[in-house]
Amino acid sequence: MTESSPGVATIAQQVARGEITATEVAEDHLRRAEISQARLNTFTLIDEAGALAAAAAVDQRIRAGEEVGPLAGVPIAIKDLIDQAGLPNTAGSSFPAPTPAASATVVQRLEDAGAVLIGRTGLHEYAFGFSSENHWFGPVRNPWDATLSPGGSSGGSGAAVAAGVAAAALGTDTGGSVRVPAALCGVVGLKVTHGRVPLTGVFPLAPSLDTVGPIARSVPDARLVYSVIAGHDPTDPWSAPRPVPTSGNAVDLSTATIAVPHPWVDLPKTEEVADAFAEVVRRLKAAGVKVIAVDSPDLVPAKQLEYSVYPEVAIVHRKRWHEYPKTYGPDVSQRLGEVFTVDPIEYVRAQEWRARTRHAAEAALNQADFLLTPAVAAAAKPIGDEHIKVDGKLVSYRPQLSRYSALVNHIGLPAIVLPLDRQGTPPPSIQIIGRAWDESGLLGLGAALERVGLTRYRTPPEAVI
């Protein structure tokens, strides 16, 4: 990480010690946001007035000798799907955006911890896609190459963090929408156990799968943001009344066991992804990790994955779709047309598939501490192209980006995406899946891999200095 783009922990420490003011940090990152907007179309709204007011309030509290919180002065970007009091929540759509009177629980927790929210990030319309090429707001662009997609649906959040515009960002993840942008932008993305982070004030896609998680440039930074937003919220029926560990689990690589699930990891992928994955397995073994292969034929994506989720999407959009079908962008409109065709028999069979898959994941994790897969099957998606080349064939991009992420939501487990210390545009990434509620263990393993240099953030060409 360069000094010109300090991370969460660094900023919070400097502000709390009085080495720099929250206002100076906010002004610097607002400048970056404006530059990024012209290059990458990162935001739907940059909240200069709100950010400067919040930063001034942090500075006042510090001058008064008050405790500010673990995110003192940290500039954070919010996906434009999550309520912020007084700001429009567009959800990336053409519908008139409501302006909520109250913030989402996660936003309120960030502010209570001293964070400064600098803007609302671009996304795939209604979070229903993986490219963030938005029909209404234009495409978000990747800081590694502005002709490439940053992934979706939280593409603006991934791009903002990778480009050094925000120290961290919030995204939502229903099928990979935190992890795919993290992978395509070369940063860290944490998908939490369903129910770990409250959904109150978050526009839904499929509530039984929806999660909110942090995107950051390092694992310790992701851990710090996660520690603030996690925890039970009685206003959210999906929120689990479970304690959140207050300290991170340190992971000793020499005693860790990681399982590679077959045939899931054997599904088609680009040569670059395949080579990087083979190399990371070798490097993990060299670092002392016990890496085993597990045969898990039920732990693979299937068509039932869509049948399992589409009825929930239909409930969210039924009224708008039938009354105003032409107010959806073309790609989302096409997908919604498929959503309403799932019959009850398909849905029930999909739930049976989901149960088998969950049991298969549990069995695999009985043999190991974590599961390891690539993060995506293809790491680069040109803006405007609906197909990408995998195994010498042009194929639809969406399954390639979601191949290793969407299944994790259906089994309800936490996962983290980490960028490898390897050349690439962007560098290839891996996904590590943990046991339910063990975000602490995942973050501990991720931190250990950063310490030995197997994973790390690299500054992309379009980073804003």
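Each residue of segment 341-351 was assigned a 3J(HN,Hα) from its phi angle through the Karplus curve 6.51 cos²θ - 1.76 cosθ + 1.60 (θ = phi - 60°); the sequence is 9, 6, 8, x, 5, 4, 5, 5, 4, 5, 5 Hz, with glycine and proline shown as x.
Give me the orientation-averaged projected area of the Cα convex hull of segment 93-212, in nm², one decimal. Across all orientations, segment 93-212 yields a mean hull projection of 7.3 nm². Can you tell me the FRET efficiency between residue 451 and residue 363 if r is taken as the Cβ-Cβ distance and R0 is 35 Å, rounded to the nearest 0.05? With a Förster radius of 35 Å, E is 0.70.
The protection proxy used here, the mean number of other Cβ atoms lying within 10 Å of each residue, ranks peptides 399-405, 286-292, 444-450 as follows, highest first: 399-405, 444-450, 286-292. Taking a point 7 Å from the Cα of residue 324 along the Cα-to-Cβ direction, the residues of segment 84-118 with backbone N closer than 14 Å to it are 89-99. Its relative contact order, with pairs defined as Cα atoms under 8 Å and 6+ residues apart, puts segment 162-281 at 23 percent. Restricting the GluC sites (Glu not before Pro) of segment 35-68 to loop positions (DSSP other than H, G, I, E, B) with no more than 14 neighbouring Cβ atoms within 10 Å leaves 66, 67.
The count of lysine pairs in the chain whose Cα atoms are under 14 Å apart, excluding pairs fewer than 8 places apart on the same chain, comes to 4. Expressed as a fraction of 2.2 N^0.38 Å, the C-alpha radius of gyration for segment 225-279 is 1.82. Using the average count of surrounding beta-carbon atoms within 10 Å as a protection proxy, the listed peptides 214-227, 358-371 rank, highest first, as 214-227, 358-371. As a proxy for reagent exposure, ranking 244, 68, 348, 74 by other Cβ atoms within 10 Å from fewest up yields 348, 244, 68, 74. In the chain, Cα pairs under 8 Å separated by at least six residues give a relative contact order of 18 percent. Put a dot 7 Å past the Cα of residue 295, heading toward its Cβ, do the same for residue 244, and the two dots end up 4.2 nm apart. So, R0 is 35 Å and r is the distance between the beta-carbons of residue 271 and residue 356; what FRET efficiency does that work out to, to 0.05? So, using R0 = 35 Å, E works out to roughly 0.65.
Extent of the chain along its three principal axes (Cα atoms, max minus min coordinate, largest first): 60, 59, 44 Å. Per residue, the convex hull around the alpha carbon atoms of segment 253-369 comes to 140 Å³.
Between residue 393 and residue 348, the modelled label-to-label distance comes to 3.4 nm, taking each label 7 Å out from Cα in the direction of the beta carbon.
Values quoted throughout were computed directly from the atomic coordinates according to the rules given, and no laboratory measurement underlies them. Just so we're clear, the structure is a prediction, and the values are computed from it rather than from any experiment. Quick reminder, even Gly has a Cβ in these numbers, built from the backbone with ideal geometry, and neighbours come from all protein chains shown.
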